Amino acid sequence: MPPKSLPKYTIRVGLIWLVPVGTLVLGCFHWTPLLLALLLTPLEVPKVRSRLFGGRAKKLLPCLKVPALLRLSLLWVLQVWFIILWRANAPNSDAQSPEASSEDLEALRISVVLPCAGEGLYALNTVRAVYESLPPGVLHEIIVVDDGTEPPLSQSFLTPDVLEKFQVTILRHAETVGLIGAKKGGGDAATGDIIVFFDCHVAPQPGWHESFVRLIGENYRRIVTPVITDLDVGTWQQRGTGGQAKCYLTWDADFKWFESEDPYVPILSGGLLGISKRWWNETGGYDVQMVGWGGENLDQSLRSWLCGGEIMMAKDS
């Protein structure tokens with residue numbers, strides 16, 4: 001005799017318990033998905049359903065009139081949504097350090113990563129601006145990732161005397177690997193307590209680092225973004241006073257700028273941000289499959305929020 005196949009309801013019951021069992025294995029178990037699974041399981045087992053509701057089950061339970069896959073899909077959405085809400089609102093006792101003393105904050109050192117490809121004189125101006133914007137003892141290093149520039153920056157604008165004067169280390173790619181590949185290489189190589197990513201054409205204003213150090217010192221799982229203003233590349237001075245820092249995610253996987261009163265940032269714009277070295281390592285930095293420009297800001301933002309982190313704007317930076 002051919003082997004008997006499993007009843008359809010057995011497969012459905014197994015799928016009902018997919019999320020609760022998965023969260024238990026992954027260490028993020030919550031009671032709500034379990035309760036939802038307990039509520040739906042009797043409805044999917046014909047004998048149990050008949051005992052509870054008799055022949056009037058479909059009349060009493062409109063959910064049985066829709067396809068089973070639709071019921072399961074809705075259940076999974078609810079289960080995962082509760083997990084996300086719980087993780088987002090759970091206190092991170094290991095991450096938050098509200099008692100951090102001024103001595104602890106002063107001990108934090110910053111590595112600035114500058115991905116450069118064909119920036120020329122802009123690279124030198126940015127290196128000088130970053131160095132001069134930080135007081136002695138705060139800057140740990142400036143890492144310039146030369147992503148295939150010809151001639152190499154070390155032979156044009158970032159000569160050995162410049163490297164020594166401004167605490168610069170150059171990581172050279174003989175061939176261009178792309179913006180995100182360059183940023184990942186710089187982030188992995190950084191050895192400071194805080195990694196700050198800037199574009200290779202910026203002029204940080206004096207004191208910009210103070211909020212970065214304070215906010216990340218309070219919570220190592222916090223990514224900080226500055227207010228992005230306009231730059232006059234002729235004078236290398238800030239132009240105007242307004243700026244932007246916050247983006248939101250659209251349904252077509254794009255991002256748009258917006259403003260609000262609270263300090264929290266749903267989606268990073270991508271180019272300018274600070275992150276603790278520890279959180280960089282724990283979240284995996286940038287995806288190794290993302291090498292060119294675009295999409296890494298969405299990935300990093302969602303990864304941080306969904307893994308118990310947060311993103312904040314430094315209003316005075």
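The values are calculated or read from the model by the stated rules, or taken from the named source; none is laboratory data. This is a predicted model, so every value here is computed, not measured. Ideal geometry is used to build each Cβ from the backbone, glycine not excepted, and the neighbour counts take in all protein chains shown. The protein model used for the area step is the full one, side chains on, heavy atoms only, and it has no ligands, DNA or RNA in it. Shrake-Rupley method; radii C 1.70, N 1.55, O 1.52, S 1.80 Å.
Do you know the Lys pair count in the chain for C-alpha distances under 17 Å, with sequence separation 8 or more or different chains?
On the way: 8/47; 8/65; 47/58; 47/59; 183/277; 184/277; 246/256; 246/315.
Number of lysine pairs found: 8.
How high is the relative contact order of the chain? Use alpha-carbon pairs under 8 Å, at least six apart in sequence, and give a whole percent. Intermediate results must be reported in sequence, preceding the final value.
Values: 520 pairs, mean separation 54.4, N = 317.
Result for the chain is 17 percent.
If you take the beta carbon distance between residue 254 and residue 307 as r and set R0 to 25 Å, what does 1/(1 + (r/R0)^6) give as a FRET efficiency, to the nearest 0.05? Intermediate values should be presented prior to the final figure.
Working: r = 23 Å, r/R0 = 0.91.
Efficiency at R0 = 25 Å is approximately 0.65.
Charged neighbours of residue 36, selected by a Cβ distance under 13 Å, balance to 0 (K, R count +1; D, E count -1).
Comparing 251, 305, 236 in a Gaussian network model of the chain where C-alpha atoms under 10 Å apart are linked, the largest mean-square fluctuation is found at 251. Summed over qualifying helices (DSSP H, 4 residues or more, each -39500 (n - 2.57)) and divided by its residue number, the chain shows a 222 nm mean residue ellipticity of -12000 deg cm²/dmol. Within a Cβ distance under 13 Å of residue 294, other residues only, what is the Lys/Arg minus Asp/Glu net charge? Surrounding charge for residue 294 is -3.
Within the chain, the longest run free of exposed loop sites, counting GluC sites (Glu not before Pro) that sit outside DSSP helix and strand states (H, G, I, E, B) and have at most 10 other Cβ atoms within 10 Å, spans 1-98. Checking [x] 191; [y] 122; [z] 178 against volume of the Cα convex hull per residue in Å³ calculated from these atoms, the matching label is [x].
Residues within the reach of a label modelled at residue 244 (point 7 angstrom out along Cα to beta-carbon, backbone nitrogen below 17 Å), restricted to segment 172-199, are 199. Here is the short version for the chain: 28, 63, 247, 307 have no other Cys C-beta closer than 4.7 Å.
I need the shape label for segment 126-258. Rule: rounded when a/c is under 1.5, else prolate if a/b > b/c, else oblate, with a, b, c from the alpha carbon gyration tensor. List each step's numbers first, then the result.
On the way: a/c = 1.42, a/b = 1.27, b/c = 1.12.
Verdict is rounded for segment 126-258.
When the square roots of the Cα gyration tensor eigenvalues are ordered a ≥ b ≥ c, the ratio a/c for segment 186-317 is under 1.5, which makes its shape rounded.
Among the protein heavy atoms, those of residue 30 account for about 40 Å² of accessible surface (1.4 Å probe, every chain in place). Along the axis of the charge dipole computed for segment 111-171 (Cβ charges of +1 for Lys and Arg, -1 for Asp and Glu, origin at the Cα centre), the listed residues 118, 148, 134 are led at the positive end by 134. Relative to the longest principal axis of the C-alpha atoms of the chain, give the angle of the C-alpha long axis of helix 31-44, reported between 0 and 90° and rounded to the nearest 10°. So the inclination is approximately 30 degrees.
Tell me the net charge near residue 312. Cut-off is 15 Å between Cβ atoms, residue 312 excluded, with +1 for each Lys or Arg and -1 for each Asp or Glu. If you can, show how the numbers build up before the last one.
Numbers: positive: 214, 221, 222, 246, 315; negative: 210, 218, 259, 261, 262, 310, 316.
It works out to a net charge of -2.
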